[in-house]
Amino acid sequence: MKFSIAQLRKSAHQEAFAFDDTVDVSELEVMNNDIRKIDPVHVTGQCFLQGEQFIFDLRIQGELILPCARTLADVPYTLDVRASEIFADSDIGDEENEIYPIEGEVIDLTPYIKEHILLNIPYRVYSKDALNQENTLTKGQGWEFFTEEEKQEKNVDPRLKKLESLLKENKNDKEE
């Protein structure tokens, strides 16, 4: 998604320059192992000219396929990101304050769109099946999943079995 400086100066001088386009960011599938599939994203927004700065307000929408954190099944995820990017002449650019310098006669928003997509991918997603406890694994080779109560029931020291029987007898005597 590229815009020429001359076009932006002409269009955004009096009022905001609006844009609406689809951007192919399929190379994110190769770069990031968590993205299994990404459709072209829909980018809308406006560009404002303020002095020597070009301010882009973006809305990035798309559909991704991510792996489930429990089952590794494909999970569709809807992405809807709002972002702002500021560009200025290379003399004024200040990357610490996120004002990016303009190099050449064209502003390319594609790398910034990719960056916002990567920054807004959730850490974990779960499929609907993974949330259903019946379909999740509870045992495997060398491991087992159990609740805290089950852990306490299973971990009775054999040396304390005799004491446990004494405690049960005391409870029975008190109840009678």
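Please treat every number below as a calculation from the coordinates, not as lab data. This one's a predicted model, so the numbers in the text were calculated from it and none came from an experiment. Positions of Cβ are backbone-derived with ideal geometry, glycine not excepted, and every protein chain shown enters the neighbour counts.
Numbers at a glance
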read-out	value
Convex hull projection area averaged over all views, region 19-124, Cα basis, nm²	7.3 nm²
Amide proton proximity set for residue 79, modelled H, under 5 Å, gap of 5+	62, 63, 64
Amide H contacts under 5 Å for residue 99, placed H, 5+ residues apart	94
Restraint check, 37/114; 2/114; 10/114, Cα-Cα greater than 21 Å	10/114
Convex hull of Cα atoms in region 1-72, direction-averaged projection (nm²)	5.9 nm²
Potential extension, residue 16-residue 59 segment - 0.36 nm per residue separation minus Cα distance	14.0 nm
Residue 46 versus residue 99: modelled label distance in nm, points set 7 Å from Cα along the beta carbon direction	2.2 nm
